[in-house]
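One structure is given here, and the rest of the page talks about it.
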Amino acid sequence: MIRITCSQTKPERKEMALVRFEERNDSWTRVLQNDQIEIVVGIGKKKEFTERKLHLLPRKIIALAKANRIKKLGVCFEELEKLTRVKGGACSELLAKNFELANFEFIEYKTKPEEGWRFVEEIIFFGNISASVKKGVEEGLLIAEEINACRRLANTPGGEMTPKVLAKEAEQAAKGTKVKVTVLEKAEIKKLKMGGILGVAEGSKEEPKFIIMEYAGKAEKPIVLVGKGVTFDTGGLSLKPEQYMNEMHMDMSGGAAAIHAIVLAAKLKLKKHIVALIPAVENMPSGSSYRPGDILRAMSGKTIEVLNTDAEGRIILADALTYAKKFEPRLVIDVATLTGSAMGALGQRASAFFTKDDALAKRLIEAGERAGDYVWRLPLWEEYGEEIQGTFGDIINTGKTRYGGAITAAMFLYEFAKDLGCPWAHIDMAPRMTSIESDCLAKGAAGAPVGLLIEFLKK
Ligand code: BES
Ligand code: MN
Ligand code: ZN
């Protein structure tokens, strides 16, 4: 983690590069007469310097520092504050968070280079700074640390990230916090008649796990987060073509996000009652796999006609949504890398989300904006229901055409969520599973939508 402190005076240390902000288009580094390195960062035109650009600015500074092997930065916070609408603690939180997010790299499997890693180690915010700034820094770092932990989990190769390991990681993440973790084993999953989870898990030698986490920050009905925990998605017997399989160790990103969102809520001591449910399975082709044409009986009693074993996420989420009912939730949000189609619809800059509740939709979009972790709504209109009507079972697990796949997947989930008796939202985070170049983040897992969830839970 970067050490970030605040100071009223400009640090006079040669090894510390000074970051200054100006209303211009370019950025550069230069060496001053006294050997001091100065980084001048152009923010563009002040009136066009939106909050969206402010999320990216600190990441660009870290990229510049890393490229130049600069380890210590003095940031003229006062100067930046004058150029943005986001002030004080909100501004320092955003800066600290994005510095830390940009500093992260998944190096667990890399040999350390002789010259060492390029990480930034220390940052001082200086200038005339208000009292709230320090608190903003602490909170920003805490949030980023948890998002980075989520990215680390998602980046871990599929061979090492099995359902069992995911469950262990959930326990590890919760250590030292008020989050209680329970893991249901296969026998208990059977007893609960979770036919969806059992069906998908059938092809793997790894047994399924059902991870339950609970943080009771207040005595009230809980908000339940549900996260897809497919630790590797080969597609099963409906095997994926190779170019679509290589990133499927990240198909537990929704689960990782749920795990770290609830742990973060506990670390921030939010006065909320939160539950996280993560059905964890591996989707493999083998002699014991579930087959296209199989009909699974979900925990709710509904039967699922499996037309494509690669549409496995919705099947395991169906059982998790049914299980959520036990908690008498006041709200349920599921998070899943559910469809390539969501990416087709939105590109890779926002997750798709679905809800019947307009007020909830508004709050999710706003939380996404605040977090720089964007979501956009797609419809759940009843007309789409036709596309998942079953022939031999109650519902089919794919749409009847190849169009609108993100929507038919959401309609499938709605068939189970409608029994919850509370508002529900589904976030299809497939578009944001991995970072893209313009995110200015390391390659691999982007850590979405932990930032959004925590902004949402805070309010
Ligand atoms: N995990 C995939 C979706 C996915 C694709 C996530 C790319 C992230 C990046 C999901 O299980 C899947 O295979 N979905 C299929 C559904 C189809 C068979 C109806 C898809 O989207 O193609
Ligand atoms: Mn799949
Ligand atoms: Zn999947």
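So here's what we get for this one:
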item: Qualifying residue in the stretch 149-168 (condition: more than 25 Å from THR434 (Cβ to Cβ) and in contact with a helix residue (DSSP H, G or I) (Cβ under 9 Å, 6 or more places away or on another chain)); result: no
item: Matching residues, the stretch 310-335, being closer than 23 Å to GLU188 by Cα, of a type in the set (Lys, Arg) and surrounded by fewer than 24 Cβ atoms within 10 Å (Cβ to Cβ); result: LYS325, LYS326
item: Number of positions in the stretch 412-442 that are part of a loop (DSSP other than H, G, I, E, B) and in contact (Cβ under 8 Å) with a residue 24 or more places away in the chain; result: 11
item: Residue satisfying all of: in the stretch 267-289; of a type outside the set (Val, Ile, Thr) and buried (at least 24 other Cβ atoms within 10 Å of the Cβ); farthest from ligand 3 (Cβ to nearest atom) among these; result: ALA276
item: Close pairs (9 angstrom Cβ cut-off, 6 or more residues apart or separate chains): within 13 Å of ligand 3 (Cβ to nearest atom) in the stretch 394-407, in a loop (DSSP other than H, G, I, E, B) and among the acidic types (Asp, Glu) anywhere; result: ASN397/GLU312; THR398/ASP310
item: Residue in the stretch 282-300 that is more than 29 Å from LYS459 (Cα to Cα), within 22 Å of the chain's Cα centre (by Cα) and in contact (Cβ under 8 Å) with a residue 60 or more places away in the chain present; result: yes
item: Some residue of the stretch 381-392 being touching a Pro at 6+ places or on another chain (Cβ under 8 Å), assigned by TED's automatic domain parsing to the domain that holds ALA276 and surrounded by fewer than 20 Cβ atoms within 10 Å (Cβ to Cβ); result: no
item: Count of residues meeting criterion [within 16 Å of ligand 2 (Cβ to nearest atom) and surrounded by 21 or more Cβ atoms within 10 Å (Cβ to Cβ)] in the stretch 290-309; result: 5
item: Residue in the stretch 134-144 that is in contact with a Pro (Cβ under 9 Å, 6 or more places away or on another chain) and modelled with pLDDT of 95 or more present; result: no
item: Segments classed as helices (runs of 4 or more DSSP H), wholly inside the stretch 48-117, with at least 3 members that are over 20 Å from GLU146 (Cα atoms) and in contact (Cβ under 8 Å) with a residue 60 or more places away in the chain; result: 51-67
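The values are calculated or read from the model by the stated rules, or taken from the named source; none is laboratory data. These numbers come from a predicted model, not from an experiment. Backbone-built Cβ (ideal geometry, glycine too); neighbour counts: all protein chains shown.
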